[in-house]
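Taking it in order: structure first as structure tokens, then the write-up.
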Amino acid sequence: MRGSVAVARGLSERFGLPAGHIGSPEPALNTDWRTELDAALPALREMSSAYERLMSGGLAPLTALSRCSVALATLPVVARHRPDACVVWFDAHADLNTPDNTTTGYLGGMALSGAAGLWDSGLGGDLRLDGIVLGGARDVDPPEQALIDGGAVRSVPQGPDLADALRSAIASRPVYFHLDCDVLEPGIVPTDYRVPGGLSLADLHAVSEVVAEGELVGLEIGEFEASWPEGAEPVVPDALLDAMAPMYAALTAR
């Protein structure tokens with residue numbers, strides 16, 4: 001939660017805009033997905049309402065998330081207002097598990113599937129599977145891989161052809177961009193989950209340049225930790241946010 005505040009502060013400084021706040025910090029429950037979702041629903045519904053106001057006014061949401069599960073509230077609204085846009089989801093995980101096939105019961109691992117209506121979160125399931133482009137996913141469970149292999153969801157892996165493959169997958173559509181910081185190589189920024197084989201900041205910059213070639217309808221950044229596990233010194237997200245600078249130009253051009 002402190003990490004999302006740091007990201008929001010950095011974005012506020014770059015755009016010269018005040019940051020609003022949805023919800024309030026609470027202790028983690030560390031329990032099953034249903035209990036956690038029920039506890040989070042008031043704040044998630046408030047987030048949905050905020051997105052409705054922004055997008056009804058033709059504005060582009062710029063959001064610092066605490067956890068990816070907040071996308072259960074943001075993505076259905078984006079899909080309703082901009083069905084022509086694709087959601088480009090850069091994350092080490094696919095987050096396409098459902099209550100029926102999850103092996104961990106982790107709510108964040110079902111964020112994208114809930115927004116796509118593969119299960120009922122109570123927040124809408126308006127996102128089409130063919131409107132999803134996964135980027136950098138490498139810790140993928142078998143049911144998620146089946147969606148990718150079957151062509152229901154497009155996946156662009158990390159590698160030397162990442163930028164070109166992403167451009168092809170976007171196919172000139174408008175983009176709503178989601179970044180889970182664990183898509184980066186562990187050690188670049190502090191994250192709760194560490195999955196080897198991730199992007200460098202130079203890779204993220206190249207991805208940002210591809211996204212900025214077209215219309216960017218919104219941006220959300222999640223899962224940035226405020227400090228490294230082994231130390232209490234705060235970490236600022238400046239290098240991370242600098243790598244995404246091309247997207248800012250796309251947003252301000254709206």
remark   = When VAL133 is run through (1) open to solvent by 10 Å² or more (accessible area, probe 1.4 Å); (2) touching a residue at least 12 places away in the same chain (Cβ under 8 Å), the failure sits at (1)
query = For segment 1-100, which fully contained helices (runs of 4 or more DSSP H) count at least 2 residues that are farther than 28 Å from LEU134 by Cβ?
reply = 2-15, 33-56
task = Considering every residue within segment 109-128, establish whether at least one is touching a Ser or Thr at 6+ places or on another chain (Cβ under 7 Å) and under 22 Å from LEU240 (Cα atoms).
result = no
key: Residue in segment 194-216 that is most open to solvent (accessible area, probe 1.4 Å), counting only those that are in contact with a helix residue (DSSP H, G or I) (Cβ under 6 Å, 6 or more places away or on another chain) and more than 18 Å from PRO157 (Cα to Cα)   = ALA212
ask   = Can you name the residue in segment 98-115 that is out of contact with any strand residue (DSSP E or B) (no Cβ under 7 Å at 6 or more places or on another chain) and aliphatic (A, V, I, L, M) and, of all such residues, is farthest from ARG67 (Cα to Cα)?
value = ALA115
ask   = Using beta carbons and a limit of 6 Å, which pairs, at least six apart or on different chains, have the first residue in segment 163-182 and hydroxyl-bearing (Ser, Thr, Tyr) and the second one part of a strand (DSSP E or B) and crowded, with 19+ Cβ neighbours inside 10 Å?
value = TYR176/VAL87; TYR176/VAL217; TYR176/GLY218
ask   = List, please: which pairs have Cβ atoms under 7 Å, are six or more places apart or on different chains, and start with a residue in segment 207-229 that is farther than 12 Å from ARG2 by Cα and at pLDDT 95 or above and end with one that is of a type in the set (Phe, Trp, Tyr) and buried (at least 23 other Cβ atoms within 10 Å of the Cβ)?
value = VAL207/PHE90; VAL211/PHE177; LEU216/PHE177; VAL217/TYR176; GLY218/TYR176; LEU219/PHE177
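The values are calculated or read from the model by the stated rules, or taken from the named source; none is laboratory data. The shown structure was predicted, so the numbers you read here are calculated from the model rather than taken from an experiment. Every residue, glycine among them, receives a Cβ derived from its backbone with ideal geometry; neighbour counts consider all protein chains shown. Accessible surface areas use protein heavy atoms only, side chains included; no ligands, DNA or RNA. Shrake-Rupley method; radii C 1.70, N 1.55, O 1.52, S 1.80 Å.
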